[in-house]
Each structure stands twice: as C-alpha cells, then as structure tokens.
Amino acid sequence: MTTASQHSDHYGELRDLAVELALAASAVHRQGRERALEISTKSAPNDYVSDVDRRAEATIVERLAAARPHDGVLAEEGSARAGDSGVRWIVDPLDGTMNYVYGYPAYCSSVAAEVDGEVVVGAVGESPIGSVFWAVRGGGAWQDDRRLAARRQTDLSRALVGTGFSYDARQRARQGAVVARLLDKVADIRRGGAAALDLCRLAAGQLDAYFELDLSPWDYAAGRLIAQEAGAEVLELPAAHGKGPAVVGAGPELLPSFVALLREAGAIR
C-alpha cells in the first residue's frame, strides 16, 4: 500500500512548483494594490476582471512554460494548452476579484495540478497575508507549515456554513431563497467571495460546511483537494438551478444531513 509520505514524495516536484506559483501570483496581487487598477467586466456588470488578473495569469503561465513545457494548462483568463505529459495545471490567477477591487481582504491565487485527470496537488495563496494553503493527495493539508484538520461538527443547528452567489441576477434571487430556507436550520452563514479560500476555511476548521453553485473548475480544483486532505468530504452534486455542479463539503459526520438539507432547500436535486 502506498503511504502518505510516498504520495507526498512522488508529487513533491509538482507540490513545490504549485506553491511557488501561488505565492508568485499573490505577490503580483499585492504589488497591484499599490497603483490604480484597470478594470473591465465579463459576463455581468458585477463580474470584474482587472489588469492584475491578467498579469498574475501571465506570471504563472510563463513560469510553467519554463519549468514544465509539456504540461497542459487551463486558466480562467483564457490561457490554455493541451500538453502531452499527462499533467495539467488548473489555474485561477485571482479568485475574489471584486473583493480585490474594493480592497476587501479575501482574495487569493489558486493552482492545482492533475495527473491523468486526477487532481494530486493544490496550492491557494491567501494574498493579503502572504500565506499559502497546500495539499498533496495522500499527504495531508497544510497552511504554510501548520497541518490542517477539518472540524468534526455533527449538529447542523451548530454549523457555520460558507457559500457564494452567482453573477447572474436571476440566479442570485434563487440562491437567496435557498439561503432563506437554511438560516433557521444552521448556526449562521458566511459569504467570503472567493470559493478557493472558502474551501480552505473548511479545511482549517473555520467553517463546518460549504456549498456553492455556478463554479468553474479553476474555482475549486485546488481548494477541494485541500479540504479533502484535511478530513472533509467534498462532493460534486447535480445543481437544482444555474450552472452545475453544486460543490458541497463538510466533515463526514455532518455531510449526509447537510446534503439532505440542501436538497430540501432547493439547492440540489
């Protein structure tokens, strides 16, 4: 049987590079806050993209091309190549762009590496504080040099739940109705504005559960692995509305009742 340390050693080069790339993008974020931003929109008036998103992505892609030219890439701002090595990097150069534009300190970089279609390494750089969450499949989850453990909550009524909302106004109305049905069933709800960081909060025990619809692979590839390696379970389930899948996570003891509650509330089918 392969041990955790063997997994960690086997993917050590990918782990080190993912951490390096996440921290490099986070440095671009901090530098970008020192001057006026160039901002435009994408799918909706509140779906911001900045010149810093693009510069952070260029930094990551250029370093990947130099270090691992045969790997594939899928990145939020359009960088893509197929690759022929069996390794693909899934990149969100700046998750939480609206937070970033407003100076709200909840934004990050997210870098995941998958081998033959399975994510094996993830790194999420919490840019405002220069910290990095990271994980290797089979090797645990960490924030810098501190090992993470998800909270083992069993009681939904005491669960702190994280979520996020779509850019589409009609979908946001549906999501608001779901939250209204949850509020008297859980301890409270938090909306951080960066899915990758929310999943890291789940890994760190700062949330008991998390769900979100309308995500893309780069939003959750790294964070999902980090949460899983910290002991949470994270599922992709059919969304009841909007763009699927629904990404749902919690400790193993809480997850079945949380999934049932989300189904009852109309978030998932």
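Summary table
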read-out	value
Subset of region 139-158 [surrounded by 19 or more Cβ atoms within 10 Å (Cβ to Cβ), in a loop (DSSP other than H, G, I, E, B) and within 20 Å of the chain's Cα centre (by Cα)]	G139, G140, L148, A150, R151
Output for region 28-48, where each listed residue is open to solvent by less than 30 Å² (accessible area, probe 1.4 Å) and within 14 Å of S109 (Cα to Cα)	V28, H29, G32
Region 45-81: number of residues that are free of Cβ contacts under 8 Å to residues at least 40 places away in the same chain, assigned to a helix (DSSP H, G or I) and within 18 Å of S216 (Cβ to Cβ)	3
Test: residue in region 63-81 that is open to solvent by 10 Å² or more (accessible area, probe 1.4 Å), at pLDDT 95 or above, touching an Asp or Glu at 6+ places or on another chain (Cβ under 8 Å) and farther than 22 Å from G192 by Cβ	yes
Residues that are more than 15 Å from the chain's Cα centre (by Cα) and either in a strand (DSSP E or B) or closer than 14 Å to W89 by Cβ (or both), drawn from region 104-115	V115
Selection from region 214-269 of residues that are among the acidic types (D, E), farther than 17 Å from V119 by Cα and buried (at least 21 other Cβ atoms within 10 Å of the Cβ)	D214
Residue match in region 22-35 (condition: more than 30 Å from G139 (Cα to Cα), among the hydrophobic types (A, V, I, L, M, F, W, C) and not in a loop (DSSP other than H, G, I, E, B))	no
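Table: residues versus (1) in a strand (DSSP E or B); (2) at positive phi; (3) not charged (D, E, K, R).
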residue: G83; (1), (2), (3): no, yes, yes
residue: M98; (1), (2), (3): no, no, yes
residue: V124; (1), (2), (3): yes, no, yes
residue: W134; (1), (2), (3): yes, no, yes
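The values are calculated or read from the model by the stated rules, or taken from the named source; none is laboratory data. Bear in mind the structure is a predicted one, so any value in this text is a computation, not a measurement. Glycine gets a Cβ as well: all are built from the backbone with ideal geometry, and neighbour counts include every protein chain shown. Side chains included, ligands, DNA and RNA excluded: accessible areas come from the protein's heavy atoms. Shrake-Rupley method; radii C 1.70, N 1.55, O 1.52, S 1.80 Å.
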